1. Amide H of residue 74 versus every other amide H placed in the peptide plane: which residues, excluding those fewer than 5 positions away on the same chain, fall under 5 Å?
2. Tabulate in residue order the Karplus-calculated ³J(HN,Hα) for segment 45-62, using 6.51 cos²θ - 1.76 cosθ + 1.60 with θ = phi - 60°, rounded to whole Hz; enter x for Gly and Pro.
3. Sorting check: for 46-53, 60-67, 27-34, 84-91, which peptide has the highest mean count of neighbouring beta carbons within 10 Å, and how do the rest follow?
4. What list of ³J(HN,Hα) values in whole Hz, one per residue of segment 26-43 in order, does the Karplus curve 6.51 cos²θ - 1.76 cosθ + 1.60 (θ = phi - 60°) give from phi, with Gly and Pro shown as x?
5. What ³J(HN,Hα) values, in whole Hz, does the Karplus curve 6.51 cos²θ - 1.76 cosθ + 1.60 give for segment 79-85 when θ = phi - 60°, with x put for Gly and Pro?
6. Name the residues whose placed amide hydrogens come within less than 5 Å of the amide hydrogen of residue 36, ignoring near sequence neighbours (fewer than 5 apart) on the same chain.
7. Be a star and scan segment 42-85 for residues whose amide nitrogen sits under 14 Å from the point 7 Å along the Cα-to-Cβ vector of residue 94.
8. Percent of Cα-Cα pairs per 5 Å bin, from 0 to the last occupied bin, for the chain, please list those.
Amino acid sequence: MFIVLLRFSTNRDKAGAFMDAHRDWITRGFEDGVFLVAGTLQPGVGGGILAGNASIEELQARVNDDPFVAADVVTAEILEIAPSRAVEQFQFLLA
């Protein structure tokens with residue numbers, strides 16, 4: 001399982017030009033079963049994604065395809081987590 005941190009970079013002001021393509025990229029991630037949760041990093045410093053069902057190499061390639069990453073609107077950091085405990089609702093993440 002992975003956490004993807006997408007933090008705004010120096011080209012943040014260009015986000016509007018790439019927003020539709022970025023949203024489409026997120027939608028594909030959910031449709032492909034790789035993205036589990038996505039949202040805004042508060043207070044408005046970028047975005048975060050909880051991801052699974054992919055290798056680190058596959059996820060890195062997917063993140064590189066994000067229009068925000070390609071246009072340097074955000075910088076991406078991928079953190080790998082080996083979950084060992086979860087509340088009942090999230091037990092499926094331990095499999």
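1. Here the answer is 9, 69, since their amide H atoms fall under 5 Å of that of residue 74.
2. The phi angles translate into 9, x, x, x, 9, 9, 10, x, 6, 7, 7, 4, 5, 5, 5, 4, 4, 5 Hz.
3. 46-53, 60-67, 27-34, 84-91
4. Once θ is set to phi - 60°, the couplings for segment 26-43 become 5, 4, 4, x, 6, 4, 7, x, 8, 8, 9, 8, 9, x, 8, 7, 8, x Hz.
5. 10, 9, 10, 9, x, 10, 9
6. For residue 36, whose amide H was placed from the backbone, the distant partners under 5 Å are 50, 51, 52.
7. Correct set: 82-85.
8. 3, 13, 24, 26, 17, 10, 5, 3, 0
None of the figures in this text is laboratory data; all of them are computed from the coordinates on show. Since this is a predicted model, take the numbers as computed values, not measurements. Reconstructed Cβ throughout: ideal geometry from the backbone, glycine too, with neighbour counts over all protein chains shown.
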